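Down below is the structure, laid out as structure tokens.
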Amino acid sequence: MAASIKLNVRSIKSPFNLKPVAQQSPKPSRIRCAAAATPTKRYSITLLPGDGIGPEVISVAKNVLKLAGSLEGIKFSFQEMPMGGAALDLTGVPLPEETLSAAQRADAVLLGAIGGYKWDKNEKRLKPETGLLKLREGLKVFANLRPATVLPQLVDSSTLKKDVAEGVDLMVVRELTGGIYFGKPRGFGTNEKGEDIGFNTEVYTTHEIDRIARVAFEIARKRRGQLCSVDKANVLEASMFWRKRVMEIASEYPDVELSHMYVDNAAMQLVRYPKQFDTIVTNNIFGDILSDEASMITGSIGMLPSASLGESGPGLFEPIHGSAPDIAGQDKANPLATILSAAMLLKYGLGEANAAKRIENAVLDTLNRGFRTGDIYSAGNKLVGCKEMGEEVLKSVDSSVPAGI
């Protein structure tokens, strides 16, 4: 009998199962007709807008969350806290204790983006990215789910040929709290020749590998039953051990087809024939790189949400794009990845599948009506900014688009 998986998710289903709604002609406006349901459930959400475009996309996602929740009898209380560069400027540290405490007390955490040129030259402990690592550690989230689905409406936005990109629907399950990003020893020093060196350690324990492997097998079981474990077992001892443990856990899931692939080959196969992948499980650094690569198959990194879950406590939900300081404050950001992260928050953080489906369908409906931000724009569609895209999604949430589509 397969060992039970301990993951704080109310209901594990396919983490990103958007279904296209019927094509509609663009409309100049819609009348809001849906009535809010009487609140029967209440949740607290900690918002971490962060840096760059983070405040812009979080503002939009918050409004979408409030409306979708109200239509399903859900009332949210939001607490906005500083993090990243914004926190550095306010408090001198990238993750104030007050911010971490607020996140730990919440039912779920929604993050915008962190980082920017302003803080690039800071010492490591004072970099915005250090705050993100400490947040993940403080929330004890270890499983990062990063879907990459090519929506029919955006297949022409992909950098790959249409016949290569069309139909891609994969999930990267990334181990989040181990590996070279956290391994010790690490630091700077000198070698026996007196040369300056920098060093890090790629290390994984049995427990860390086994728990992420079980998450991945469970997800693959509920998708198409195929799991590809990505490593570098022809060179790295840590990867040899990774492969050994994944193969051991595979015996608990005889209904899931397991394969293995070296990370360099996986990077090539993602652009050569991405449809071969269903679910990918890999370590922290490989998952970081491959999920960003997979994002461009979809047409834009601005379309991809993510969820980070642990064995208990609140989950962390965030778009995988960066803070994009070059366009910050110009109303050019694509808020859809953050909106879809809010949908994942509802589905996996709170178990509110109906409200999540409302948001997913609203995003599809908005795309069907031809609205595009600059990163996904193509001729024949309407170019809009971050705020207007958010308004159009709100119209679709509040329209007669059924949540069950």
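Just a few scattered comments:
- In this structure the chain gives 42 Å² per residue of accessible area when probed at 1.4 Å with all protein chains present.
- More than 36 angstrom apart: percent of Cα pairs within the chain: 23 percent
- Across the chain, C-alpha contacts under 8 Å between residues 6 or more apart give a mean separation that, scaled by the residue count, equals a relative contact order of 25 percent.
- Note on the range 316-405: lysine pairs with Cα distance below 17 Å, sequence gap of 8 or more or different chains, count 6.
- Cα gyration tensor, the range 160-276 - rounded (a/c under 1.5), prolate or oblate: oblate
- Exposed loop sites here are trypsin sites (Lys or Arg not before Pro) assigned a DSSP state other than H, G, I, E or B and surrounded by at most 10 other beta carbons within 10 Å; excluding them, the longest clear run of the chain is 194-405.
- The chain: angle of helix 263-272 to the longest principal axis, Cα-based, in degrees nearest 10: 30 degrees
- Sites listed here are GluC sites (Glu not before Pro) in the range 174-220 whose DSSP assignment is loop and whose Cβ has at most 12 other Cβ atoms within 10 Å: E192, E195.
- Residues of type aspartates and glutamates that K62 reaches as a straight line, Cα spacing below 14 Å, ignoring anything fewer than 8 places off in the same chain: E80, E318, E391
- With Cα atoms, 0 to 90° folded angle of helix 284-297 axis to the chain main axis: 40 degrees
- Once the convex hull of all Cα atoms in the range 29-140 is built, its volume per residue stands at 101 Å³.
- Scaled radius of gyration (Cα, divided by 2.2 N^0.38 Å) that the range 225-303 gives: 1.12
- Rg followed by Dmax, in Å, when the range 274-405 is reduced to its Cα trace: 15.5, 47
- Using θ = phi - 60° and Karplus 6.51 cos²θ - 1.76 cosθ + 1.60, couplings along the range 113-127 (whole Hz; Gly, Pro as x): 6, 9, x, x, 4, 4, 10, 4, 8, 5, 5, 3, 5, 10, 8
- Share of carbon and sulfur in the accessible heavy-atom surface of the chain [1.4 Å probe, %]: 52 percent
The values are calculated or read from the model by the stated rules, or taken from the named source; none is laboratory data. These numbers were taken from a predicted model, which means no experiment stands behind them. A quick note on method: Cβ atoms are made from the backbone with ideal geometry, for glycine too, and the neighbour counts reach across all protein chains shown. SASA here: full protein model, heavy atoms, side chains in, ligands and nucleic acids out. Shrake-Rupley method; radii C 1.70, N 1.55, O 1.52, S 1.80 Å.
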